[in-house]
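Rule-based calculations on the coordinates, nothing more; no lab input. Source: prediction; values computed, not measured. In this analysis, Cβ positions are derived from the backbone assuming ideal geometry, glycine residues included, and neighbour counts consider all displayed protein chains.
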Amino acid sequence: MKQAWPLAFGFAVIVFSGVGAAAYTRPPPGRILTVKSSESDSHPQQVRISIVGSDHMRISWITKDKNIPSLVEYGKTPGVYDSSASGESTSYRFFFYTSGNIHNVEIGPLDANTTYYYRCGGVGEEFTFKTPPSTLPIEFVLIGDLGQTEWTASTLSHINYSDYDILLLPGDLSYADSQQPLWDSFALLVQPEASRRPWMVTQGNHEVESLFPIFRIHPFAAYNARWRMPFEQSSSTSNLFYSFDAAGGEAHVLMLGSYAEYGVKSQQYKWLKADLAKLDRRKTPWLLAIVHAPWYNTNDAHQREGEGMRKAVEKLLFDAKVDIVFAGHVHAYERFTRIYDNAANPCGPIYITIGDGGNREGLAYNFNENHNSANLSVFREASFGHGRLKVLDKKRAHWTWHRNNNSNLDVGDELWIESLSSSDSCMTVHSSATNYNDDEL
């Protein structure tokens, strides 16, 4: 294991590098798991939930039967559904593949931090979910480049050892790569988790699926049809980038698109600039960002693939005082100190790569100790696992990274973080930088 040098710049208070980790043997990639449903065509499958606004959830599922209504019945008591809502359904074609009916229904208003029981389409089994809390504390789980292998199953199992409120996935979900049945298999695999806690996702390179433009296969056709996110609620023009509030607005999460246009004249850039301008950091002390391709990376894999987006967007995030930027893409774990423009900066975001969910391509083992950013890298290791961010209050958060092994939640890396909004010096810089100058980019 590559251990870290003890660099704790800015507001990272305590660093633990994992006692006894040197004896850990990194696993090879596991075999692909293909999950199939044996239920009837009318039975709801691939059930998942996502946050919509402050007090609604979107329930999404698929049926093979095109005549099943887009209906969700729900309530606070098992088997007692005193509320219901209707929505819409769609489907898509990809060469000779036609998807089942993809249902999307928004339910609410819902009480915070409350367990609900629900049924989809008026048939089938009962599912349950818990709404996130309306105030801090709140806990996020982060997994990137998940795929559907034996190690994916291990990661999901490890996540379930401890409860959480919201799951964030920075791209590369199913690794279907144009093999559309693998989208179905992936959603069946993650249904036990995705049906009971909201999954908020953004796209990766494996979601593009536009290898055959001559056949008019639009990029992200499967991703956009299957994994609809609440982009309209944040005034975004695209399912590929959006934002949402958590903990009653005390945390704001930017879900950015590494594979959508991001230049100064792009819709994503204009939306991001406007979204950040609406924030009042006195009311929203925590600001997180999710991308797929990392902006800082000392691994040999995917070098500089996020550089174009970094050059275009980094100043917006720095001026807004984003606390942490999470990425995937590189199949390993790496954590950096606070950075701005390739230099340590106490008012910049912490950068974390968490692309180690269990994908079929295996791990990216080779870190370059002579990389230009090596002095900014605090911890890096090529192992499968997941991360957890528990935001305790307006000032403090606790980050842990957990590698997959035989123990319940083996902690490989750990960090206490103070929000930039609690730093008078950083917020003074923020106040003087609210007028973004696009000419500088």
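Rounded to the nearest 10 degrees, what's the angle between the helix 150-159 long axis and the longest principal axis of the chain, both from Cα atoms, 0 to 90?
80 degrees
With the calculation restricted to Cα positions, what are the radius of gyration and Dmax of region 79-154 in angstrom?
16.9, 48
If the only charges are +1 at each Lys and Arg Cβ and -1 at each Asp and Glu Cβ, what is the size of the charge dipole of the chain around the Cα centre, to the nearest 20 debye?
For this selection, approximately 100 debye.
What spacing in nm lies between the two simple spin-label points modelled at Tyr97 and Glu126, each 7 Å away from Cα in the Cβ direction?
Reported label-point gap for Tyr97 and Glu126 is 3.5 nm.
Scan region 81-153 for GluC sites (Glu not before Pro) in coil per DSSP, keeping those whose Cβ has at most 13 other Cβ atoms within 10 Å, and list them by number.
Hits after loop and neighbour filter: Glu125, Glu126.
If you take the beta carbon distance between Asp55 and Arg31 as r and set R0 to 51 Å, what does 1/(1 + (r/R0)^6) give as a FRET efficiency, to the nearest 0.05?
0.75
Please work out the Cα center distance from region 388-416 to region 46-92, rounded to the nearest Å.
Using only Cα atoms, the two centres lie 32 Å from each other.
By how many nm would the segment from Gln267 to Thr428 grow when fully extended, if each residue of separation counts as 0.36 nm and the alpha-carbon distance is taken off?
That pair, Gln267 and Thr428, stretches by 55.1 nm at full extension.
Could you give the angle, 0 to 90 degrees to the nearest 10, between helix 267-277's Cα long axis and the longest principal axis of the Cα atoms of the chain?
In the chain, helix 267-277 runs at an angle near 70 degrees to the longest axis.
Work out the FRET efficiency for Asp341 and Glu232 from their Cβ-Cβ distance, taking R0 = 35 Å, and round it to the nearest 0.05.
0.60
Set the Förster radius R0 to 41 Å, insert the Cβ-Cβ distance between Asn375 and Glu150 as r into 1/(1 + (r/R0)^6), and round the FRET efficiency to 0.05.
Taking R0 as 41 Å, the efficiency between Asn375 and Glu150 is 0.65.
Okay, helix-only estimate at 222 nm for the chain: each DSSP H run of n ≥ 4 adds -39500 (n - 2.57), divide by all residues, round to 500 deg cm²/dmol; what do you get?
Value at 222 nm, helices only: -4500 deg cm²/dmol.
Return, in residue-number order, each cysteine of the chain whose C-beta is not under 4.7 Å from any other cysteine's C-beta.
Within the chain, the cysteines lacking a partner Cβ under 4.7 Å are Cys120.
What translational diffusion coefficient, in µm²/s and rounded to a whole number, does the Stokes-Einstein relation yield for the chain at 25 °C and a viscosity of 0.890 mPa s, taking the hydrodynamic radius as the Kirkwood radius over Cα pairs?
Answer from the Stokes-Einstein relation: 111 µm²/s.
At what distance in nm do the modelled label points of Val208 and Lys390 sit from each other, each positioned 7 Å from its Cα along Cα→Cβ?
3.9 nm
In square nanometres, what is the average projected area of the Cα convex hull of region 244-322?
Its Cα hull, projected and averaged over all orientations, spans 5.4 nm².
Exactly which chymotrypsin sites (Phe, Trp or Tyr not before Pro) in region 32-122 are in a DSSP loop and have at most 10 other Cβ atoms within 10 Å?
Phe95, Phe96
Of the chymotrypsin sites (Phe, Trp or Tyr not before Pro) in region 120-163, which ones lie in a loop per DSSP and count no more than 14 other C-beta atoms within 10 Å?
Those satisfying the criteria are Tyr161.
Expressed as cubic angstrom per residue, what is the convex hull volume of the alpha carbon set of region 272-396?
Roughly 107 Å³ of hull volume per residue.
How much length would be gained if the chain were fully extended between Asp82 and Arg304, taking 0.36 nm per residue of separation minus their Cα-Cα distance, in nm to one decimal?
The Asp82-Arg304 span can extend by a further 74.6 nm.
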